[in-house]
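Report on one structure; see the data block that follows.
Values quoted throughout were computed directly from the atomic coordinates according to the rules given, and no laboratory measurement underlies them. The shown structure was predicted, so the numbers you read here are calculated from the model rather than taken from an experiment. Glycine gets a Cβ as well: all are built from the backbone with ideal geometry, and neighbour counts include every protein chain shown.
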Amino acid sequence: MTLVVTGGAGYVGSVCARYLLDAGNDVVVVDDLSTGHRDAVPDGARLVVGDVAEVADEVLGAGDVDGVVHCAARSLVGESAERPAKYWHGNVVTTVALLDALRRHDVPRLVFSSSAATYGEPESSPITEDAPTRPTNTYGATKLAVDLAIGNYTAASGGALGAVSLRYFNVAGAHGTDGSGDTGGTAALGERHTVETHLIPLVLQVALGQRDEIAIYGDDWPTADGTCVRDYIHVDDLAEAHVLALDLLARGDAGSVREADGHLVCNLGNGQGFSVLEVIEACRRVTGHAIPARVAPRRAGDPGVLVASSARARAELGWKPTHTDLDGIVADAWAFARARA
Ligand code: UFG
């Protein structure tokens, strides 16, 4: 198949592009390089530099595009509160333009990077896809708005467009740290955000001596040790789910997609929660560094516990996470962070 990966120079998008190439597809990466890195685009993919909305017609109009994996997004929760326009335009307006272009050019398949942030503070755990969606931050609201738009477009397409929204929980780890990364200029693909807000890379920066300590955002949550619990999923497992989602959409008899009016929503997590303290402990074990930590106030908009039910992804996509050991996930992130330090 010929597939377009938007955001394919970013953390998740680059690993998805790698997996889709390895599965034998032709891949075109669209990325404006505002947060992505040119050298993260896997060898073998063609890179089109530009804004998704602006280049969609050129890329999709070239013909014979079988599907789009839409990872390009603004994704900083904190920034989204301060700059809502950046998020509503960058995530929602851009994706609606992409949906219009998919329709204009008869592209039949879409896989979208959605988020656990669409659920907000859950009523029960693990979270299933029919849980209430009440995002507690602007970022999550924009991801939910896109999910709703996709559902409206697939329903109106009369079967011409099929879509899967993958609601990622906490993506972690790195691809190719065993040397199999094979990209232009980088040995591996991992998180390298200019503005880093995610727990594991921040803790590893302490181990690298790039930061003095890690702040623990609250120790008074209603959890076993008082710190927030999250479901960490390895980026390799996540990328594999995109390949499987495209496979599902490519099967004409995908009853589950048809029953969902052409738009299947699937959570992607390990189904296992780890607290902030457990993550810091894992990082201490893996790095051998003491990693000083200090309790700080809760971060606005943080839910206490976010753990996925992955039952639907397992049943509908035939997906199964293979990296369920926290130390293993951290070890890959550590190998990547150390190689780039
Ligand atoms: N945390 C700290 N200290 C830090 C950074 C994070 O204690 O310095 C805590 C957070 O409070 C949270 C956990 O570590 O409990 C994980 O935080 P991350 O920022 O790594 O991830 P989030 O759970 O906030 O965010 C993830 C995705 C978002 C998505 C969100 C869904 O990265 O894209 O899940 O709520 F929106």
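Span-like helices, the chain: DSSP H, alpha-carbon axial extent 18 Å or more, mean Kyte-Doolittle -0.5 or greater, which ones?
Length and hydropathy pass: 138-156, 235-250, 326-340.
Calculated from DSSP H runs of 4 or more alone, at -39500 (n - 2.57) each and per residue, what is the 222 nm mean residue ellipticity of the chain, nearest 500?
The per-residue figure over the chain is -10500 deg cm²/dmol.
Sequence-distant or interchain residues sharing an amide H contact under 5 Å with residue 171, placed H: which?
233
Provide the per-residue ³J(HN,Hα) series for the stretch 299-313, in order, calculated from phi with Karplus coefficients 6.51, -1.76, 1.60 and θ = phi - 60°, each as a whole number of Hz, with x at glycine and proline positions.
8, 4, x, 6, x, x, 9, 9, 10, 8, 8, 9, 4, 5, 4
What nm distance separates the two modelled labels at residue 148 and residue 299, each placed 7 Å from Cα along Cα→Cβ?
2.6
Can you list residues whose amide H is under 5 Å from residue 162's amide H, if they're 5+ apart or on another chain and H is modeled 1.01 Å from N?
109, 110
For residue 341 and residue 261 in the same chain, what is the full-extension length gain: residue separation times 0.36 nm, less their Cα-Cα distance, in nm?
Between residue 341 and residue 261, full extension yields an extra 24.1 nm.
Roughly how many whole Å is it from the C-alpha centroid of the stretch 133-180 to that of the stretch 302-330?
15
Which one of 139, 107, 122 has its Cα pushed farthest toward the positive end of the charge dipole of the stretch 99-147, where Lys and Arg give +1 and Asp and Glu give -1 at the Cβ?
Farthest towards the positive pole: 107.
Less than 17 Å from a label point 7 Å out along the Cα-to-Cβ axis of residue 219: which backbone N atoms in the stretch 289-310 qualify, by residue?
290-299, by backbone N distance to the label point.
P(r) of the chain in 20 Å steps, Cα pairs, percent per bin?
Reading upward from the zero bin: 32, 60, 7.
Kirkwood hydrodynamic radius (Cα pairs, Å) of the stretch 58-120?
Result for the stretch 58-120 stands at 13.0 Å.
Quick check on the chain: of the DSSP beta bridges with both residues there, what percent are antiparallel, nearest 5%?
For the chain, the DSSP antiparallel bridge percentage is about 10.
Given Cα positions, please report Rg to Rh for the stretch 128-276, the hydrodynamic radius being the Kirkwood one.
1.03
Take the alpha carbon gyration tensor of the stretch 1-113, find the square roots of its eigenvalues, order them as a ≥ b ≥ c, and report rounded if a/c is under 1.5; if not, report prolate when a/b exceeds b/c, else oblate.
Here the stretch 1-113 falls in the oblate category.
Summing +1 for each Lys or Arg and -1 for each Asp or Glu, what net charge is found among the other residues whose Cβ lies under 10 Å from the Cβ of residue 52?
-4
How large is ³J(HN,Hα) for each residue in the stretch 2-8, as worked out from phi by the Karplus curve 6.51 cos²θ - 1.76 cosθ + 1.60 (θ = phi - 60°), to whole Hz, x for Gly and Pro?
For the stretch 2-8, the Karplus curve yields 9, 10, 10, 10, 7, x, x Hz.
At a Förster radius of 22 Å, what calculated FRET efficiency corresponds to the Cβ-Cβ distance of residue 194 and residue 82, to the nearest 0.05?
Step by step, r from the Cβ atoms, then E = 0.85.
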